């Protein structure tokens, strides 16, 4: 068991746990080297040996407390036979959906398509560098996956076609069933924590949260808990993290950089993760550490996992990450 899991279990830890969303990514030259030779992103995610190498790259550079698997939330649409590609300067581009065919896809077919991810986790979990550290698996939240599958690209706003799609509820159930398969296989393969990314939670109005976010995410969280594994939820830009925690009941909550951390510390009693704006890693050292210190002090009487309010930005200098990790680890 690693220090992050200990923190989520509300045990005493010797230092503040730290890891980063998108810690295995484009800001690392060693990642860019692999990526330049592997232009198809989905195929790269489905290459267990290369994905393992990428997953562990940050741990070879920094004194961080967890690896998060190199994968993508859009592997679930891929498993449901929706084409997924990533276009430069555009982002994800998904194909048309055949609802009739989609509903016929079996658990066996889903598992077979996603099996390289489970091989990645098995390979990675056995690596010596992960001794006493956590290996974080993940899924996209039901709502976020639904948006991508129906919108077929990153949304700017949520249009009525998504909320009123006649196949929407049926598709949501299929997504939830697929999420459960994917989580269970990740846990069986060696993931010690599951994070649920709801990237587009902030786009929904209050009257839609129950149907699209609270109910499906609660179901996924309860399912994961019943597997004996802790969950961290990241409902990015949701209006009320407090209400979300009260209803969804995650083991830990990851906050974005637009929320007031002081209010979070006052209102939420479960372990908290993240919050700092990734742009602060682009600043000079003194300014970067000043902002990090703010979060460390605000959550000094709280179970807290240091992370960002979103992923590390591609233009970030790895030396800044190294400096920040040391600062967090030395903080008393």
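The values are calculated or read from the model by the stated rules, or taken from the named source; none is laboratory data. Note that this is a predicted model, so its numbers are computed, not measured. No Cβ is skipped: glycine too gets one built from the backbone with ideal geometry, and neighbour counts run over all protein chains shown.
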Condition test on residue 279, is it assigned to a helix (DSSP H, G or I), modelled with pLDDT of 95 or more and over 18 Å from the mean Cα position of the chain (by Cα)? yes
Can you name every one of the helices (runs of 4 or more DSSP H) wholly within region 168-262 that holds 3 or more residues which are modelled with pLDDT of 95 or more and farther than 20 Å from residue 147 by Cβ? 168-189, 215-226, 241-248
Where a residue in region 172-196 is on the phi > 0 side of the Ramachandran plot and surrounded by fewer than 24 Cβ atoms within 10 Å (Cβ to Cβ) and its partner, wherever it lies, is at pLDDT 95 or above and not in a helix (DSSP H, G or I), with Cβ under 7 Å and at least six apart: 190/135
